[in-house]
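Here the structure comes first, spelled out in structure tokens, and everything after it is commentary.
A short reminder: the numbers here are calculations on the coordinates, not readings from a lab. These numbers were taken from a predicted model, which means no experiment stands behind them. Neighbour counts are summed over all protein chains in view; Cβ atoms, including those assigned to glycine, are modelled from backbone coordinates with ideal geometry.
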Amino acid sequence: MYTQALNTRDQAAPSADSEQDARFQARVDAELKIEPNDWMPEAYRRTLTRQISQHAHSEIVGMLPEGNWITRAPTLKRKAALLAKVQDEGGHGLYLYSAAETLGTSREEMVDQLLSGKAKYSSIFNYPTLTWADIGIIGWLVDGAAIMNQIPLCRCSYGPYARAMIRICKEESFHQRQGYEIMLALCRGTPEQKQMAQEALNRWWWPVLMMFGPSDKDSQHTDTTTRWKIKRFTNDELRQKFVDATVPQGHYLGLTFPDPALRLNEKTGHWDYGEIDWSEFKRVIAGDGPCNRQRMKQRRAAHENGAWVREAALAYAEKRKARERAAYAEAAE
Amino acid sequence: METPLFTYTLRLADTALILGHRLSEWVGHAPILEEDLAFGNMGLDLIGQARSLYTYAGEIEGLRRDEDALAYLRDAPAYRNLLLVEQPNGDFAATMIRQLLYAAFAHPYFGALSKSKDERLAAIAAKAVKEMAYHVRHVSEWTIRLGDGTDESHRRAQAALEELWPYTGEMFEVDRVERALIERGIAVDPATLRAIWDRTIDEVLEEATLTRPRDGFMQSGGRSGRHSEHLGFILADLQFLQRAYPGATW
Ligand SMILES: [Fe+2]
Ligand SMILES: [Fe+2]
């Protein structure tokens, strides 16, 4: 997910014996929000900083694959909608960096961690956008998967994160509908367009399922984050919810999912799906996805090429402050 | 048959679209996240203006060409935008200076056009004038920061100004097509905006400690379809899907 950080265990297990800890846990258990100035266990702070900043980085890196198609969007309406969507994602990055900053890490530090490769972002953005259908797929499936993960986060115990999520979720569902609408237009279009849609689904389906992170049987890292009410559902629970919601939408489009094992289980009422290729997931997370290097190169280039602009803004702000101080001193004489 | 009103509306539309397209190229690559968002905003304003203007142009023409037929299915010689707006983004300073030179003109231009005897143009302009006021404010602030920032930013801003200055004359040109519309109270006479544009530019450049270039030879031709080499590449991107899949609905 955008928050695959949850699958990394924090080194220091929280000490459950201190009185402060107990009071903290009682507040969380009572579904009260933890605010920036409240006492919190260091591990809680670290876990959230890692998760929120990773989420922010995902929004920012996620602007690149979709940004590819802004200049090539097929109609002016689609062009405006895509530009607005990519701009929304930048806005999400901005709120999330602000939410993470309330935990005491500056945006500059977080950005440096992204650019140095220390911080991760969602594996999904390391896949390429090859045709216009990929823009439909990202809205429909990637934003769709993000929503599944983020709706429970609207109730996260940390106030600033929960509030950012409420605002973001509204926009993500708009993106999801817009993406589905692109798919609908393609699937009702010419045979070539329909094929473009099918081919995009073939490429994206499995990587999207991987967004939810490792299978529950391979990750027991959720106990603390569950107790802290950061995470409320397991990876597999969220993945299943997503599959159940998405498969009928795909069938309505007349598309076929690239999974021969996909079938409705009469007993459970859920869609059963085939085995995910976790070696691919691990490879992409480790840096060997199709576009990892390219995405980081683009982010670093934007940052480095913009250094002189940020320096100029800073220099100007300082000159202005100095002038104001001088004018004030003169007036005081 | 191209009527003067059709050509005039198309010129405004093409200028807005091409500049909006240029700004959209920045999104995801700006020096700070706030500017990714600002480029997105300004790009959306311009593309929105273009859409209203194309729709109106199509109605004037009466050949059932909609906004997309006009934007996606005309080749470079049929495009009527100002040369200024098709110039490459260059560095951040070049983009900001280009936007300043245009917005300082477009803002009073749409202000005057909002009083046009043509109600549709007046309505489109009334909305655009508010948007362009924001562009002027935003890019003036950046021009000042860059000009009065560091030596490097000053040098880059001054270089951008020198490079783009020869494209400013075209904004004030009037040909036969427009003269007739000006006389009927439909189009704006850009000569009436010269003093306002000069004042805005001079004030911003002074505060930015930048030097106004001398007026030399001015490039023109965009509004009658004679473009720089850059437009063809913009259209190759912009029109790719419509050209590769003729007649498809998206
Ligand atoms: Fe987002
Ligand atoms: Fe989104």
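Worth pointing out:
- Remark: the B:THR249-B:ASP215 segment gains 7.5 nm on full extension, using 0.36 nm per residue and subtracting the alpha carbon distance.
- Computed over chain A with a Gaussian network model linking Cα atoms closer than 10 Å, the most mobile of A:ASP38, A:ASP216, A:ASP288 is A:ASP38.
- Near A:TRP271, the amide H atoms lying under 5 Å from its own belong to A:ASP244, A:ASN265; only residues 5 or more places off or on other chains count, and H is placed 1.01 Å from N.
- Computed over chain B: relative contact order in percent, which uses C-alpha pairs under 8 Å that are six or more apart: 25 percent
- Cβ charges +1 (Lys, Arg) and -1 (Asp, Glu), total dipole of the stretch B:150-237, debye: 340 debye
- Counting other Cβ atoms within 10 Å as a rough exposure proxy, the listed residues A:LYS282, A:LYS267, A:LYS85, A:LYS33 run A:LYS267, A:LYS282, A:LYS33, A:LYS85 from fewest neighbours to most.
- Of B:THR143, B:THR9, A:THR268, the sequence from fewest to most neighbouring Cβ atoms within 10 angstrom is A:THR268, B:THR143, B:THR9.
- Most mobile listed residue (B:GLU178, B:GLU152, B:GLU131) in chain B, GNM with C-alpha springs under 10 Å: B:GLU152
- Relative contact order for the stretch A:101-181, counting Cα pairs under 8 Å that sit 6 or more residues apart, in percent: 32 percent
- Both radii come from the Cα set of chain A: Rg as radius of gyration, Rh as Kirkwood radius; their ratio Rg/Rh reads 1.03.
- Estimated FRET transfer efficiency (A:ASP216, B:GLU207; beta-carbon r; R0 51 Å; 0.05): 0.25
- Degrees separating the helix A:143-153 axis from the principal Cα axis of chain A, which is the longest one: 60 degrees
- Computed FRET value (nearest 0.05) for B:ARG137 with A:LYS297, which takes r as the C-beta separation and R₀ as 35 Å: 0.55
- Long-range HN-HN contacts of A:ILE34 with modeled amide H, under 5 Å: A:TYR158, A:GLY159
- Taking a point 7 Å out from the Cα of A:ALA261 in the direction of its Cβ, the residues of the stretch A:202-216 whose backbone N falls within less than 13 Å of it are A:215.
- Subtracting the Cα-Cα distance of A:ALA26 and A:GLU311 from 0.36 nm times their residue separation leaves 97.9 nm of extension gain.
- Here the relative contact order of the stretch A:235-333, from alpha carbon pairs under 8 Å that lie six or more residues apart, stands at 13 percent.
- With a cut-off of 18 Å on the backbone N, the residues of the stretch A:43-77 near the modelled label site 7 Å out from A:ARG167 along Cα-Cβ are A:52-60.
- When restricted to Cα atoms, the protein assembly as shown yields an Rg and a Dmax of 26.7, 87 Å, respectively.
- Most fluctuating residue given options A:GLY62, A:GLY144, A:GLY91, as computed from a GNM of chain A linking Cα atoms under 10 Å: A:GLY91
- Pairwise FRET efficiency - A:THR226 versus A:THR190, Cβ, R0 = 51 Å, nearest 0.05: 0.55
- Separation of the stretch A:81-151 from the stretch B:231-250 is 28 Å, based on Cα centroids.
- Rounded to the nearest 500, the 222 nm mean residue ellipticity of the protein assembly as shown from helices alone is -21000 deg cm²/dmol, with -39,500 (n - 2.57) taken per DSSP H run of at least 4 residues.
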